[in-house]
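The values are calculated or read from the model by the stated rules, or taken from the named source; none is laboratory data. The structure presented is a predicted model; accordingly, all values stated were derived computationally and were not measured. Here Cβ is always computed from backbone atoms with ideal geometry, including for glycine, and neighbour counts include all displayed protein chains. We work out accessible area using only protein heavy atoms, side chains counted, and drop any ligands, DNA or RNA first. Shrake-Rupley method; radii C 1.70, N 1.55, O 1.52, S 1.80 Å.
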Amino acid sequence: MSKLFLEQIDERVRARYTLLYVVTWEEVRARHLLTRVAEKQKKRLVEWSITDGLRTVSGDMRDTQRERNVLKMLNTILQSSEAALYVLKDFHTYLETPEIIRQIRDLSYALKNTRKTIVFLSPTLKIPTELEKAMTIVDLPLPTEAELQNLLEEKLSGAAVSRQFRVNLNEGERDALVKAARGLTLMEAENAYARAIVRDNVLDGKDIQAVIEEKRQIIRKSGLLEYCDVEESMKHVGGMEVLKEWLRKRVRAFTPQAREYGLPAPRGMLLLGVQGCGKSLVAKGVASSWRFPLLRMDMSRIFQGYIGSSEENMRRALHMAEALAPVVLWVDEIEKALSGAEGSGSTDAGTTSRVIGQFLTWMQERSAPVFVVATANKVEGLPPELLRKGRLDEIFFVDLPRGRERAEIFHIHLKKRQRVPEEYDLHTFVRASKGFSGAEIEQAIISALHDSFFENRALQNQDVLRALQETVPLSVTMRESIAALRDWAHDRARPVTVLGQRDRTETV
């Protein structure tokens, strides 16, 4: 990735692009890479910040005028006759002032026939409309596994020299420690390794979880994605044999062997269906079964902030997901986010439409192995662009569980709560729970446990049956909505289970 970044910068500087905008948190790493470009082209590298003013970083180390005033600094760049890369740090905060915007536009023309290039270096992408055509955006990708491996080797070499801590890692644990740091900057990875070491002055396989915990904190600080702890697996999902088999056939599709075979990485699926029937559980189960991290995207977080920040929030969230790949990206209740796109021009100046368009384009064009699991309870508001092949591999319809599936769900939840399922009358439970969702079955068991616990006795069949009888299922209160959803999905989506003859005759 760093090599690609170097090539992109080098080509644009040689082509005399005058304004480049590098988006990154890693100033030190960016400076190192830009220094290599400057040295290759025999140019000076000059940095500016509001605290230090202009100063030479590499090349001819003659004194540089340490001008801190922004307009005077830009004029100094204009007047200079030397070939140089000028790196301006955190300049996005000044791109709201009309005088500065005008001065930069003038520079974009004036520097065209010189060997000077201005590089704006910032963690935030914020370009005023007046400069959109003049600036070229270049993202500095997060460190590759090779770079993280080099960082770890430096740590281990330091341990061998200083003997400040012991190293007890086999080859597999070293590789797992590097993979655990994917998605972190070099500084964040170094801090994560250091934190793992200082706990007991030993770096071993147990520290893999410490690095993952540090990653979870960093993702949480971003406020855009949620790193989910996953305990459930597909074994906790009742029924859905068709979906489980579909997923089993794709677990090896993320390997290099699949690429050599000519098989692309799976892109994702849309789970459409009745509330409480296990769609969210499937998202967690996929991540657990495939041993991928699970990231949850809450669209409401994307649309927070000042005007113009929603597009940047989406870009950052998707960039973070790609940096952690292979990963499962869970977009829960996606219809709520997409429903406002069509009329957003009259309500939010088209922000929702642009952000959703950005997301749909990424779904189509992404190359990183990010498996998207989108869930939806309603079809209204889902755009045709989301439903077509290419963005997602398959659309599955999750209906209310039929008899044999309800039996499996009762078995799962009784066993989960330290009960022996075979000691209960599951057949009677199934008949009494006709039209119940998986979530409603779970809550009925919990309610029954409350009753038996209050009376200080063991759970009995009658407790569960009473809880079922006292529950009004969603299939009754939302009968019309569920019927409409089934009609839509009949020939547009793939059922998650194969219906037997008895299942087909069961009505809700």
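Determine whether residue 271 is in a helix (DSSP H, G or I), within 20 Å of the chain's Cα centre (by Cα) and in contact (Cβ under 8 Å) with a residue 40 or more places away in the chain. Answer is no for this residue. Looking at 355, 328, just one residue is at pLDDT 85 or above, open to solvent by less than 20 Å² (accessible area, probe 1.4 Å) and not in a helix (DSSP H, G or I), and that residue is 328. I'd like to know if the range 200-209 contains one or more residues that are at pLDDT below 80, among the basic types (Lys, Arg) and more than 30 Å from residue 315 (Cβ to Cβ). Yes: one or more hits.
Within the range 399-429, the set of residues being of a type in the set (A, V, I, L, M) and under 17 Å from residue 476 (Cα atoms) comprises just one member, 400. Residue check: is residue 216 open to solvent by 20 Å² or more (accessible area, probe 1.4 Å), charged (D, E, K, R) and over 19 Å from residue 359 (Cβ atoms)? The answer is yes for residue 216.
Checked against the criterion of being of a type in the set (Asp, Glu) and closer than 23 Å to residue 277 by Cβ, the range 414-423 contains not a single residue that satisfies it. Here residue 360 meets each of (1) buried (at least 20 other Cβ atoms within 10 Å of the Cβ); (2) modelled with pLDDT of 85 or more; (3) among the aliphatic types (A, V, I, L, M) with one exception, condition (1).
The condition of being modelled with pLDDT of 90 or more and surrounded by fewer than 20 Cβ atoms within 10 Å (Cβ to Cβ) holds for only one of 457, 502, that being 457.
Count of the range 258-268 residues, restricted to those that are assigned to a loop (DSSP other than H, G, I, E, B) and either within 20 Å of the chain's Cα centre (by Cα) or surrounded by fewer than 14 Cβ atoms within 10 Å (Cβ to Cβ) (or both), is 5. Looking across the range 240-257 at every residue that is touching a Pro at 6+ places or on another chain (Cβ under 8 Å) and at pLDDT 90 or above, the one that is most open to solvent (accessible area, probe 1.4 Å) is identified as 250. Is there a residue in the range 482-497 that is open to solvent by 50 Å² or more (accessible area, probe 1.4 Å), in contact (Cβ under 8 Å) with a residue 40 or more places away in the chain, under 30 Å from residue 396 (Cα atoms) and assigned to a loop (DSSP other than H, G, I, E, B)? Yes, the range 482-497 has at least one match.
Is the range 385-393 home to any residue that is within 23 Å of residue 486 (Cβ to Cβ) and part of a helix (DSSP H, G or I)? Yes, that holds for at least one residue. The lone criterion from (1) at pLDDT 90 or above; (2) in a loop (DSSP other than H, G, I, E, B) left unmet by residue 231 is number (1).
Considering the range 6-52, the residues that are modelled with pLDDT of 90 or more and aromatic (Phe, Trp, Tyr) include one that is nearest to residue 117 (Cα to Cα), namely 17.
Each row is one residue, and each column tells you yes or no for (1) surrounded by fewer than 16 Cβ atoms within 10 Å (Cβ to Cβ); (2) at pLDDT below 80.
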{"site": "380", "(1), (2)": "yes, yes"}
{"site": "400", "(1), (2)": "no, no"}
{"site": "410", "(1), (2)": "no, no"}
{"site": "415", "(1), (2)": "yes, no"}
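Taken over the range 397-406, the criterion of being in contact with a Gly (Cβ under 8 Å, 6 or more places away or on another chain) and not basic (Lys, Arg) is satisfied by 397, 398, 399, 400, 401, 405.
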